[in-house]
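Here, each number is a calculation from the coordinates, and none is a lab measurement. These figures come from a predicted structure and were not determined experimentally. Note: ideal-geometry Cβ built from the backbone for every residue, glycine included; neighbour counts use all protein chains shown.
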Amino acid sequence: MNDAVPSLDRDRLAWMYRQMLRIREFEERVKATFTEHPGVIRGHTHLADGAEASIVGSLATLRPGDQVMATYRCHGYPLVLGSDPNAIMAEIYGRATGLCGGYGGSMHLADPSRGFLGTSGIVGQGIPQATAKTGRLVLADQATRHSSAAAVIAAEVADQGFASLKAPVKLVTALDATVPYSKPMEEYILPDEEKIAEAVRAVTAART
């Protein structure tokens, strides 16, 4: 793999499909253990069955040296990144042979050697953690700028991690207007891929 994002040729698409199947099969095994053998998996476990495409699609864009953080529905990420499936399952079981020595469990997986920096069982906690790592944050939300979840998250990041920021937080939201019935006007006021990419370019170009 070179420094560019791999092209989606036939081989790459086949690889993506295989990874989605691996995630589904892994999660089905976890689900069966949790429901059929109570107590083997302590606490709770959050599965990502149904989210395979978003996991693989996001990881398929990685370049060498990129690092990843995820939500607590995290089993698929280290699988795709190349972690040992047996070690992932052992961690979910709380065994000493797990990725984190059995201390992390289902919702706190990590494998820094594969660029997987970890997860948190606290809802939304990965956002300030990732911001602390990168110093940058872009939030996309189809709601309007001043009444969006993105605005709340930006405020939380400013409160918890202002000292970590290397660039202003960028919000890519709908314009502060009622969504029109006209399709071209709707597309104009809503965020899209180009607006998000422009925001990402802006924060990554900011001086550190």
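Taking Cα centroids, how far is segment 1-65 from segment 92-136 in Å?
The distance from the Cα centre of segment 1-65 to that of segment 92-136 comes to 16 Å.
Quick one: order LYS183, LYS195 by neighbouring beta-carbon count within 10 Å, fewest to most.
Values: LYS183 8, LYS195 14.
Arranged by neighbour count, lowest to highest, LYS183, LYS195 become LYS183, LYS195.
Expressed as a fraction of 2.2 N^0.38 Å, the rule-of-thumb size for a compact globular protein of N residues, what is the C-alpha radius of gyration of segment 10-121? Intermediate values should be presented prior to the final figure.
Details: Rg = 13.4 Å, N = 112, 2.2 N^0.38 = 13.2 Å.
Scaled against compact globular proteins, the figure is 1.01.
Each label point is 7 Å from the Cα along the Cα-to-Cβ direction; what then is the distance between the points at HIS44 and GLU198, in nm?
4.1
Rank THR131, PHE116, GLN142 by how far each Cα sits towards the positive end of the charge dipole of segment 111-188 (+1 on Lys, Arg Cβ; -1 on Asp, Glu Cβ) and give me just the farthest.
PHE116
Using a Gaussian network model of the chain with C-alpha springs under 10 Å, which one of THR131, THR97, THR35 is most mobile by mean-square fluctuation?
The residue with the greatest mean-square fluctuation here is THR35.
Quote the relative contact order of segment 91-197 in percent (integer), defining contacts as alpha-carbon pairs under 8 Å separated by 6+ residues.
Details: 142 pairs, mean separation 20.8, N = 107.
Taking the mean separation of contacting Cα pairs over the length of segment 91-197, I get 19 percent.
Which one, SER54, SER182, SER148, has the greatest fluctuation when you compute a Gaussian network model over the chain with C-alpha springs under 10 angstrom?
Comparing SER54, SER182, SER148 in the GNM, the peak value goes to SER182.
In degrees between 0 and 90, to the nearest 10, how far off the longest principal axis of the chain does helix 10-36 point, with axes built from Cα atoms?
Taking Cα atoms only, the helix is inclined about 60 degrees.
How big is the chain by the Kirkwood estimate over distinct Cα pairs, in Å? Numbers along the way, then the final one.
Numbers: mean 1/r = 0.0526 Å⁻¹.
It works out to 19.0 Å.
Which whole-number percentage describes the relative contact order of the chain, with Cα contacts under 8 Å and a sequence gap of 6 or more? Before the final figure, lay out each step's value.
On the way: 302 pairs, mean separation 29.7, N = 208.
Worked out over the chain, it gives 14 percent.
Run the helix sum for the chain: -39,500 (n - 2.57) per DSSP H stretch of 4+ residues, divided by residue count, reported at 222 nm to the nearest 500 deg cm²/dmol. Numbers along the way, then the final one.
Values: 8 runs with 91 residues, N = 208.
Computed mean residue ellipticity for the chain: -13500 deg cm²/dmol.
Counting only pairs 8 or more places apart or on different chains, how many lysine pairs in the chain have C-alpha atoms closer than 29 Å? Working shown, then result.
Working: LYS133/LYS166; LYS133/LYS170; LYS133/LYS195; LYS166/LYS195; LYS170/LYS183; LYS170/LYS195; LYS183/LYS195.
Counting lysine pairs in the chain gives 7.
Choose one answer from PRO168, PRO191, PRO180: the residue with the largest mean-square fluctuation in a GNM of the chain with alpha-carbon springs under 10 Å.
Highest fluctuation among the options: PRO180.
Dipole of the chain, Cα-centred, from +1 at each Lys and Arg C-beta and -1 at each Asp and Glu C-beta, to the nearest 20 debye? Intermediate results must be reported in sequence, preceding the final value.
On the way: 21 positive and 23 negative charges, 90 e Å.
Once rounded to the nearest 20, the dipole reads 440 debye.
Suppose we take every Cα in segment 127-205 and form the convex hull; what volume per residue is that in Å³? Provide the component values of the computation, followed by the final result.
Details: hull volume 6.1 nm³, N = 79.
Per residue, the Cα convex hull of segment 127-205 comes to 77 Å³.
Please report the net charge: other residues with Cβ closer than 14 Å to the Cβ of GLN142, K and R +1, D and E -1. Walk me through the intermediate numbers first.
On the way: positive: ARG145, LYS195; negative: ASP141, ASP176, GLU186, GLU187, ASP192, GLU193.
Net local charge, GLN142 excluded: -4.
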